[in-house]
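Here is the structure we will look at, set down as structure tokens.
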Amino acid sequence: MTWALLLLASAVMATPDERLVEVTPEIIPGLVLDLRYASTNNITGKALYPEARTYLRPETIQKLRKVAKNLQEEGYRLVIWDAWRPASAQKALWVAKPDGRFLTPPSKISRHTRGTSVDVTLADKNGKILEMPSDHDEFNAKADEDFSDVSKEVARRARILRNAMFNAGFSGVPDEWWHYDLRDWRDYEPIEGG
């Protein structure tokens, strides 16, 4: 099935908004989904999403396809921890960790509500999630982008991910090695959702 047909098929399925497309391994070959906010394995200790499905804008997905392809050539698979985030989830995260260095307060618009931001990591070619500088939402010095407080191998993997994301048109943030945005994320309107 071609990329355009996959997007069309996914868009026909129920999505939170017509501007979003469900992200699946069929659309991004080799993708591993480990959706932290659809489980209790997150900073709130409870599932924030009713099901393990995630969504992004088609432009974001297209760039992630390039990332996944480049990572596969190096023996890795792309893992998505989070993508588009409804306002209700953002509020719950803020209650659990009201720290503006890492989370957007509910009074402001989170980048994740635009469908242009992702939280990602790496897996090996078999889909086993690899050790990286920190866990998702581990808000401490290991989460920053300098990688000076982790082993050389872990730092190397983090840089491979960072280079693949930057080369595909994403930018990062200094305090979260896992968070990436389309470079033009400000040009997209928020999709608030639940």
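The values are calculated or read from the model by the stated rules, or taken from the named source; none is laboratory data. It should be emphasised that the depicted structure is a prediction, and the values quoted were computed from it without experimental measurement. Note: ideal-geometry Cβ built from the backbone for every residue, glycine included; neighbour counts use all protein chains shown.
Are any residues in the range 11-56 closer than 27 Å to residue 97 by Cα, among the hydroxyl-bearing types (Ser, Thr, Tyr) and out of contact with any Gly (no Cβ under 9 Å at 6 or more places or on another chain), and if so, which ones? Once the filter is applied, which keeps residues that are closer than 27 Å to residue 97 by Cα, among the hydroxyl-bearing types (Ser, Thr, Tyr) and out of contact with any Gly (no Cβ under 9 Å at 6 or more places or on another chain), the range 11-56 yields 37, 39, 40, 44, 49, 54.
Scan the range 120-130 for residues that are in contact (Cβ under 8 Å) with a residue 24 or more places away in the chain and not in a strand (DSSP E or B) and the total you get is 3. Return a yes/no flag: does the range 83-105 have any residue that is crowded, with 18+ Cβ neighbours inside 10 Å, more than 18 Å from residue 166 (Cβ to Cβ), in contact with a helix residue (DSSP H, G or I) (Cβ under 7 Å, 6 or more places away or on another chain) and among the hydroxyl-bearing types (Ser, Thr, Tyr). No; the residues of the range 83-105 include none that is crowded, with 18+ Cβ neighbours inside 10 Å, more than 18 Å from residue 166 (Cβ to Cβ), in contact with a helix residue (DSSP H, G or I) (Cβ under 7 Å, 6 or more places away or on another chain) and among the hydroxyl-bearing types (Ser, Thr, Tyr). Applying the condition of being under 10 Å from the mean Cα position of the chain (by Cα) and hydrophobic (A, V, I, L, M, F, W, C) to the range 79-96 and asking which residue is farthest from residue 107 (Cα to Cα) yields 79. What are the residue pairs meeting all of these: first residue in the range 58-79, first residue touching a residue at least 40 places away in the same chain (Cβ under 8 Å) and outside any loop (DSSP other than H, G, I, E, B), second residue hydroxyl-bearing (Ser, Thr, Tyr) and crowded, with 23+ Cβ neighbours inside 10 Å, Cβ atoms under 7 Å, and 6 or more apart or on different chains? Every condition considered, the pairs that remain are 60/116; 79/121.
Restricting attention to the range 142-167, the residues that are closer than 28 Å to residue 100 by Cβ, surrounded by 13 or more Cβ atoms within 10 Å (Cβ to Cβ) and small (Gly, Ala, Ser) total 3. Residues in the range 36-78 that are within 24 Å of residue 169 (Cα to Cα), polar (S, T, N, Q) and more than 16 Å from the chain's Cα centre (by Cα): 70, 72.
Which of the residues belonging to the range 112-128 are surrounded by fewer than 15 Cβ atoms within 10 Å (Cβ to Cβ) and on the phi < 0 side of the Ramachandran plot? Scanning the range 112-128 gives 124, 125, 126, 128. Restricting 191, 109 to those that are surrounded by fewer than 18 Cβ atoms within 10 Å (Cβ to Cβ), of a type in the set (A, V, I, L, M) and assigned to a loop (DSSP other than H, G, I, E, B) reduces the list to 109.
For the range 32-53, filtering for residues that are touching a helix residue (DSSP H, G or I) at 6+ places or on another chain (Cβ under 9 Å) and either in a helix (DSSP H, G or I) or surrounded by fewer than 22 Cβ atoms within 10 Å (Cβ to Cβ) (or both) leaves 11. Candidates 171, 134: the one that is at pLDDT 95 or above, buried (at least 17 other Cβ atoms within 10 Å of the Cβ) and either under 20 Å from residue 77 (Cβ atoms) or within 17 Å of the chain's Cα centre (by Cα) (or both) is 134.
Among the residues of the range 131-146, the ones that are assigned to a helix (DSSP H, G or I) and either under 15 Å from residue 81 (Cα atoms) or of a type in the set (S, T, N, Q) (or both) come to 1 in all. When we screen 180, 188 for residues that are under 19 Å from residue 84 (Cα atoms), in contact (Cβ under 8 Å) with a residue 24 or more places away in the chain, touching a strand residue (DSSP E or B) at 6+ places or on another chain (Cβ under 7 Å) and among the hydroxyl-bearing types (Ser, Thr, Tyr), the only hit is 180.
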